[in-house]
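Novice: Dropping a structure here in structure tokens format, bear with me for questions.
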């Protein structure tokens with residue numbers, strides 16, 4: 001009984017890891033392709049999205065993130081006021 005339970009747990013683990021090993025590279029490849037297409041077209045992601053992405057990746061500290069976010073918000077409000 002215990003051996004059977006261990007087998008099913010092991011099988012479940014192996015299947016889940018297989019799914020992760022298959023889909024993770026696919027998702028990463030897709031993200032790279034989208035970035036490359038945006039760079040090739042000369043467009044960049046909107047500033048708030050770029051900032052959020054850089055903060056999530058650890059490229060920007062929290063203090064810098066909050067300051068930049070505030071600046072972006074002010075610039076957007078100024079543009080909308082015109």
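None of the figures in this text is laboratory data; all of them are computed from the coordinates on show. This structure is a prediction, so every number in the text was calculated from the model and none was measured.
Novice: Can you give the calculated 222 nm mean residue ellipticity of the chain, where each DSSP H run of n ≥ 4 adds -39,500 (n - 2.57) and the sum is split over every residue, rounded to the nearest 500 deg cm²/dmol?
Specialist: -29500 deg cm²/dmol
Novice: Just how many % of Cα pairs in the chain lie over 16 Å apart, if you round to the nearest whole percent?
Specialist: In whole percent, the long-distance tail amounts to 72.
Novice: Between 0 and 90 degrees, rounded to the nearest ten: what's the tilt of helix 47-56 against the longest Cα principal axis of the chain?
Specialist: 40
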